[in-house]
């Protein structure tokens, strides 16, 4: 759920309830803080689906029909409700007023500002399919092309930019960005990839192509002074994962999975606690 989607939902449904996981103990389909908005005939977001969500929706809509303040729920996720997660959740329910709407939208905007950035260079068949696959994920997606006419019709929420020198976009990208390179020009692919591989903070650098293209890029990259360590970080071809399927949508789905895995690994390594230092502090 994006902030703009929630704002549009609230504007269209003045009578609505927000349901939020206020506390989670044990296993649950969503983490604490997950929320959804429920109107009499529509909803947006999810707190995990299944019987839990069905019960919450029913409680919220009953409160809307009765004109009452909805009461929260404390639900064991076990055989009692037909879910086998085994944990327990507390769900808060409250009517969405102006202050609540503002707080929820601002929360989503803050989350969106922290989303990892993914730059898709090239809006051809595979680039467009990749943009569609990435648009549904919690990412800030940018599609870059030198051809303005190729940037029409991209999914909502995707930033499209026509630039004469795409490699310059790489230099200005935030730390931890991912770069997927799929332009119409192999020479341009090489320039963008070389720029991306110079960034040790890139979460992912991938290029569409074949083993032959990789060999040619490797030869050129070494000739330009590129290191073997940097070259080893290049994913080429993207979206392979052991499959021999060249359909754009399949490549895009697999490449999106690759990108999410690499971003997740980088975030985990950045946020992992330093166990050595904490042990030392405890001893001191």
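Points to keep in mind about this one:
- Those residues of the stretch 6-20 which are assigned to a helix (DSSP H, G or I) and surrounded by 14 or more Cβ atoms within 10 Å (Cβ to Cβ), in sequence order: 6, 7, 9, 10
- Qualifying residue in the stretch 94-102 (condition: surrounded by 14 or more Cβ atoms within 10 Å (Cβ to Cβ), touching a strand residue (DSSP E or B) at 6+ places or on another chain (Cβ under 8 Å) and more than 30 Å from residue 135 (Cβ to Cβ)): yes
- Answer from 196, 180, 187 - the residue that is modelled with pLDDT of 95 or more, in a helix (DSSP H, G or I) and within 19 Å of residue 214 (Cα to Cα): 196
- Residue within the stretch 57-80 that is surrounded by 13 or more Cβ atoms within 10 Å (Cβ to Cβ), modelled with pLDDT of 90 or more, in a loop (DSSP other than H, G, I, E, B) and in contact with a strand residue (DSSP E or B) (Cβ under 7 Å, 6 or more places away or on another chain) present: no
- Every pair of residues 6+ apart whose Cβ atoms lie under 6 Å, when the first sits in the stretch 87-102 and is under 15 Å from residue 8 (Cα atoms) while the second is assigned to a strand (DSSP E or B): 96/18
So that you can scan it fast, the table gives a plain yes or no per residue for (1) without any contact (Cβ under 8 Å) to a residue 60 or more places away in the chain; (2) surrounded by 19 or more Cβ atoms within 10 Å (Cβ to Cβ); (3) within 19 Å of residue 127 (Cβ to Cβ); (4) not assigned by TED's automatic domain parsing to the domain that holds residue 129:
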{"position": "168", "(1), (2), (3), (4)": "yes, no, yes, no"}
{"position": "184", "(1), (2), (3), (4)": "no, no, yes, no"}
{"position": "202", "(1), (2), (3), (4)": "yes, yes, yes, no"}
{"position": "208", "(1), (2), (3), (4)": "no, yes, yes, no"}
{"position": "212", "(1), (2), (3), (4)": "yes, no, no, no"}
{"position": "223", "(1), (2), (3), (4)": "yes, no, no, no"}
{"position": "237", "(1), (2), (3), (4)": "yes, no, yes, no"}
{"position": "253", "(1), (2), (3), (4)": "no, no, yes, no"}
{"position": "259", "(1), (2), (3), (4)": "no, yes, yes, no"}
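- The stretch 157-166 - residue that is without any contact (Cβ under 8 Å) to a residue 40 or more places away in the chain and assigned to a loop (DSSP other than H, G, I, E, B) and, of those, surrounded by the most Cβ atoms within 10 Å (Cβ to Cβ): 158
- Residue list for the stretch 16-38, filter: touching a strand residue (DSSP E or B) at 6+ places or on another chain (Cβ under 8 Å) and free of Cβ contacts under 8 Å to residues at least 60 places away in the same chain: 30, 31, 32, 33, 34, 36, 38
- Once the stretch 21-36 is narrowed to residues that are assigned to a loop (DSSP other than H, G, I, E, B) and surrounded by fewer than 16 Cβ atoms within 10 Å (Cβ to Cβ), the residue that is farthest from the chain's Cα centre (by Cα) is 26.
- The set of residues in the stretch 227-258 being assigned to a helix (DSSP H, G or I) and either at pLDDT below 75 or in contact with a helix residue (DSSP H, G or I) (Cβ under 7 Å, 6 or more places away or on another chain) (or both) consists of 230, 231, 248, 249, 251, 252, 253, 255, 256.
The values are calculated or read from the model by the stated rules, or taken from the named source; none is laboratory data. Note that the structure is predicted; figures quoted are calculated from it, not measured. Neighbour counts run over all protein chains shown; Cβ positions are idealised from the backbone, glycine included.
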